[in-house]
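Asker: Structure below; questions to follow.
Rule-based calculations on the coordinates, nothing more; no lab input. Bear in mind that the values here come from a model prediction, so they are computed numbers and not experimental data. Glycine also receives a Cβ, built like all others from the backbone with ideal geometry; neighbour counts cover every protein chain displayed.
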């Protein structure tokens, strides 16, 4: 299962997100849940880098089963970055609705 941990700061702004695990929906290379979650999260990060010039601290696992992005206070206060992250969450929630046994979103404060 892919677990997505969204951590919010005091002002309810997204401070970080962390994705770990594998969906195990299908065999490696054919796993649509994994591909969808990866496309959504990396697409959001690419948009942040390209459109806002933000540069969150990122961590990736060697086997593709781990991604974490941590946002600075300035990035947390950037409305464009927050909108992109909220869009990412909505897309992941759509995947979770249909494939909840393979992807789970958890919110932390």
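Asker: Per DSSP H run of at least 4 residues, take -39500 (n - 2.57); add these up for the chain, divide by its residues and hand me the 222 nm value, nearest 500 deg cm²/dmol.
Answerer: For the chain, the value works out to -11500 deg cm²/dmol.
Asker: Quick check: the angle from helix 79-98's long axis to the longest principal axis of the chain, C-alpha only, nearest 10 degrees?
Answerer: For helix 79-98, the angle is close to 20 degrees.
Asker: By what distance, in whole Å, do the Cα atoms of the range 2-108 stretch along each of the three principal axes, largest value first?
Answerer: Ordered largest first, the range 2-108 gives principal extents of 40, 24, 19 Å.
Asker: Determine the gain in length on full extension of the stretch residue 86-residue 5; use 0.36 nm per residue of separation and subtract their C-alpha separation, reporting nm with one decimal.
Answerer: 27.8 nm
Asker: Rounding to the nearest 10 and keeping the result within 0 to 90°, find how far the Cα-based axis of helix 32-47 lies from the longest principal axis of the chain.
Answerer: For helix 32-47, the angle is close to 20 degrees.
Asker: Please give the peptides 66-73, 93-100 ranked by average Cβ packing (other Cβ atoms within 10 Å per residue), highest first, as a rough proxy for protection.
Answerer: Per-residue mean Cβ counts within 10 Å order the peptides as 66-73, 93-100.
Asker: OK, next. For the ranges 21-31, 43-53, what's the packing order if you count other beta-carbon atoms within 10 Å of each residue, average per peptide, and put the highest first?
Answerer: 43-53, 21-31
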